[in-house]
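Have a look at the structure below before the remarks.
The values are calculated or read from the model by the stated rules, or taken from the named source; none is laboratory data. In this text the structure is predicted, and so the values were computed from the model without any measurement. Neighbour counts are summed over all protein chains in view; Cβ atoms, including those assigned to glycine, are modelled from backbone coordinates with ideal geometry.
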Amino acid sequence: MGTMIELQSSKTFPVYLAKPEGEPRGGVIVIHEAWALNEHTKSIADRLAAEGYVALAPNLLSETDISKLPAEKLQEIQEDLFNPDQEKRTAVQPKLRAMMAPMQAPEFGKETIEKLKVCFDHLYAMSEVNEKVAVWGFCFGGTYSFSLAINEPRLKLSLPFYGGCDADVEELKKITCPVRAFYGEKDERLITALPDLTKRMEEAGVDFESKVYPNAGHAFFNDSNPYAYVKDAAEDAWGRVLGLLREHLK
């Protein structure tokens, strides 16, 4: 359904753009997991387009080694990370740490936010979107969904799926849109941090709500990963996301 285009920040980066057939309800930036832009993320953009939204999914890791690996190899690493076999999970950890290292650099974070601002401006300027733009991100993208909400006051809605947020109260006060976060209860690190995040959001005056699925863990929405995907939770979350988009992009 969609096509690949290029946008420009300090450097050119690739973006997948999916448009609906009829008049759009608004625009949604879709931010991929730590595996870069892949077919799974594109399929989410296509699903949103089928529901009437202009969906824009950038590859924010296009300059990293992750994007240079064949799709089959990345899928293998992803599945090993969630494999019930402890030996496979342990074996893949060093590879994963090496691939993720560039993302920890402060300059990477700044450049990524700049790219997301470019994505936002691109959607916001489209006459058919009518200045109604939301962001929906997963894992890596969930974290940057929080970050974009902090850095873009024109955003209408932020939908972080299993993303972390370390921002302090003063930073969170910059958020002007509702934030609706989704988690799996078995995602121990993020669930442990959720009460503190909720408290900081409340102190900052942010319209924040979270939904936790008791039968799910990290990446429960990713139907390309058989070890992570939880059908009931994913289907419920999809319905909730569509309801939230209808409510806030009107």
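Checking each residue in the stretch 47-70 for being part of a helix (DSSP H, G or I), out of contact with any Lys or Arg (no Cβ under 7 Å at 6 or more places or on another chain) and surrounded by 18 or more Cβ atoms within 10 Å (Cβ to Cβ) picks out Leu48, Ile66. Scanning the stretch 105-138 for residues that are more than 22 Å from Tyr53 (Cα to Cα) and either outside any helix (DSSP H, G or I) or among the β-branched types (Val, Ile, Thr) (or both) turns up Ala105, Thr112, Ile113.
Check Gly26, Gly22 and return the single one that is touching a strand residue (DSSP E or B) at 6+ places or on another chain (Cβ under 8 Å), of a type in the set (Gly, Ala, Ser) and more than 17 Å from Phe221 (Cβ to Cβ). Of the residues listed, the single one that is touching a strand residue (DSSP E or B) at 6+ places or on another chain (Cβ under 8 Å), of a type in the set (Gly, Ala, Ser) and more than 17 Å from Phe221 (Cβ to Cβ) is Gly26. Of all the residues that make up the stretch 71-95, how many are more than 30 Å from Ile5 (Cβ to Cβ) and among the aliphatic types (A, V, I, L, M)? Number satisfying all stated conditions: 3. Take the conditions in contact with a Lys or Arg (Cβ under 8 Å, 6 or more places away or on another chain), hydrophobic (A, V, I, L, M, F, W, C) and in a strand (DSSP E or B) and apply them to Leu244. Does it pass? Considered against the rule, which asks whether it is in contact with a Lys or Arg (Cβ under 8 Å, 6 or more places away or on another chain), hydrophobic (A, V, I, L, M, F, W, C) and in a strand (DSSP E or B), Leu244 comes out as no.
Contact map, the stretch 122-146: residues that are free of Cβ contacts under 8 Å to residues at least 12 places away in the same chain paired with residues that are of a type in the set (Asp, Glu), Cβ distance under 9 Å, separation 6+ or inter-chain. Pairs shown: Ala125/Glu131. For the stretch 173-192, a tally of residues being closer than 24 Å to His218 by Cα and surrounded by 14 or more Cβ atoms within 10 Å (Cβ to Cβ) returns 12. Test Ala91 against the stated conditions and say whether it is small (Gly, Ala, Ser) and loosely packed, with under 14 Cβ neighbours inside 10 Å. When the stated conditions are applied, Ala91 passes them.
Hey, does the stretch 167-181 have a residue that's in a loop (DSSP other than H, G, I, E, B), closer than 24 Å to Ala134 by Cβ, free of Cβ contacts under 8 Å to residues at least 60 places away in the same chain and of a type in the set (Gly, Ala, Ser)? Walk me through how you get there before you give the answer.
Within the stretch 167-181, the first condition is being in a loop (DSSP other than H, G, I, E, B), and the residues that meet it are 167-168, 173-178.
Applying the additional criterion that residues be closer than 24 Å to Ala134 by Cβ yields 167, 173-178.
The next check asks that each one be free of Cβ contacts under 8 Å to residues at least 60 places away in the same chain; those that pass are 167, 173-176.
Narrowing further to those that are of a type in the set (Gly, Ala, Ser): 167.
Yes: one or more hits.
The residue of the stretch 1-46 that is nearest to the chain's Cα centre (by Cα), among those that are acidic (Asp, Glu) and within 16 Å of Ile66 (Cβ to Cβ), is Glu33. For Glu203, the conditions (1) more than 23 Å from Ile44 (Cβ to Cβ); (2) among the charged types (D, E, K, R); (3) within 19 Å of the chain's Cα centre (by Cα) are fulfilled apart from (3). When the criteria are applied in full, Lys73 fails the requirement of being in a helix (DSSP H, G or I), among the basic types (Lys, Arg) and in contact (Cβ under 8 Å) with a residue 12 or more places away in the chain.
Residue by residue, here is whether (1) of a type outside the set (Asp, Glu); (2) modelled with pLDDT of 95 or more; (3) within 17 Å of the chain's Cα centre (by Cα); (4) under 19 Å from Met100 (Cα atoms) holds:
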| site | (1), (2), (3), (4) |
| --- | --- |
| Val129 | yes, yes, no, no |
| Lys132 | yes, yes, no, no |
| Val135 | yes, yes, yes, no |
| Pro160 | yes, yes, yes, no |
| Gly163 | yes, yes, yes, yes |
| Pro178 | yes, yes, yes, no |
| Lys186 | yes, yes, no, no |
